[in-house]
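Trainee: Here's a structure for you.
The values are calculated or read from the model by the stated rules, or taken from the named source; none is laboratory data. Nothing here was measured: the structure is a model prediction, and the numbers come from that model. Please note: Cβ atoms are built from the backbone with ideal geometry, for glycine as well, and neighbour counts cover all protein chains shown. Just so you know, the surface numbers come from the protein's heavy atoms only, side chains and all, with ligands and any DNA or RNA stripped out. Shrake-Rupley method; radii C 1.70, N 1.55, O 1.52, S 1.80 Å.
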Amino acid sequence: MNLRHKPLIRLMSIAFAVALPLVGASGNAAAAPAVATVHADAGSPGSAELTNKLGVAINTGLPRSTRANELESGDSGVGVMDKVADTLALSPPTLHWDVVGANQSGDRIDATLRVLTPGYPDFAYPIHWVRVGDSWKLSQDSVCTIGAAVAASC
């Protein structure tokens, strides 16, 4: 089947790319890709660390509380991440994702979730983290952005 002419199937294949590399068949998080970045202060995470933090949020093999700790919305956002992980379990292993372009401004880090699928154009989703106390949490808006990519509503 030629996916270039089947937009819905192609969209779902791309959406699956977001989480499959995060959750392997065993439910363990895959190693995050190394990505260099420059960020505003020494206390803010760079792109590679944000990639890892997103991986923790989606990894259904970790305790729910650990995953919730990565999300601004806490436990209420884990359900969306569960749906993302469940959907992504159907994704082909050739898909790759990472967080790139981390840029801190005050209590916010803007970045891009980049999804690479061989044979297709790259997809980019704007996402951001917010500082909550001493921690950086994936924003609720970003949870919804990622969830929408796999038809998981917030």
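Trainee: Report yes if some residue within region 34-44 is out of contact with any Cys (no Cβ under 9 Å at 6 or more places or on another chain), under 17 Å from H128 (Cβ atoms) and modelled with pLDDT of 75 or more; otherwise report no.
Mentor: Yes, there is a match, as at least one residue in region 34-44 is out of contact with any Cys (no Cβ under 9 Å at 6 or more places or on another chain), under 17 Å from H128 (Cβ atoms) and modelled with pLDDT of 75 or more.
Trainee: Could you say which residue among G101, G74 is touching a residue at least 40 places away in the same chain (Cβ under 8 Å) and on the phi > 0 side of the Ramachandran plot? Steps first, answer last, please.
Mentor: Numbers: G74 fails: touching a residue at least 40 places away in the same chain (Cβ under 8 Å).
Exactly one residue qualifies, and that residue is G101.
Trainee: Additional query: Mind listing whichever residues of region 118-154 are in contact with a Ser or Thr (Cβ under 7 Å, 6 or more places away or on another chain) and among the β-branched types (V, I, T)?
Mentor: If the condition is that a residue be in contact with a Ser or Thr (Cβ under 7 Å, 6 or more places away or on another chain) and among the β-branched types (V, I, T), then I127, V130, V143, V150 are the ones that fit.
Trainee: Next up: Counting just the residues of region 120-142 that are open to solvent by 10 Å² or more (accessible area, probe 1.4 Å) and touching a helix residue (DSSP H, G or I) at 6+ places or on another chain (Cβ under 8 Å), which one comes out nearest to V78 (Cα to Cα)?
Mentor: For region 120-142, the residue satisfying everything is Q140.
Trainee: Would you mind stating whether G55 is open to solvent by less than 50 Å² (accessible area, probe 1.4 Å), out of contact with any strand residue (DSSP E or B) (no Cβ under 8 Å at 6 or more places or on another chain) and outside any loop (DSSP other than H, G, I, E, B)? Steps first, answer last, please.
Mentor: Values: open to solvent by less than 50 Å² (accessible area, probe 1.4 Å): yes; out of contact with any strand residue (DSSP E or B) (no Cβ under 8 Å at 6 or more places or on another chain): no; outside any loop (DSSP other than H, G, I, E, B): yes.
No.
Trainee: Still on this structure, I have one more. Would you be able to say whether some residue in region 79-96 is open to solvent by less than 60 Å² (accessible area, probe 1.4 Å), over 13 Å from the mean Cα position of the chain (by Cα), at pLDDT 95 or above and under 19 Å from R131 (Cβ atoms)?
Mentor: no
Trainee: Now for a different question. Which of the following residues is in contact with a strand residue (DSSP E or B) (Cβ under 9 Å, 6 or more places away or on another chain), free of Cβ contacts under 8 Å to residues at least 24 places away in the same chain and outside any strand (DSSP E or B): D141, D82? It would help to see each step written out before you state the result.
Mentor: On the way: D82 fails: in contact with a strand residue (DSSP E or B) (Cβ under 9 Å, 6 or more places away or on another chain).
Residue meeting the stated conditions: D141.
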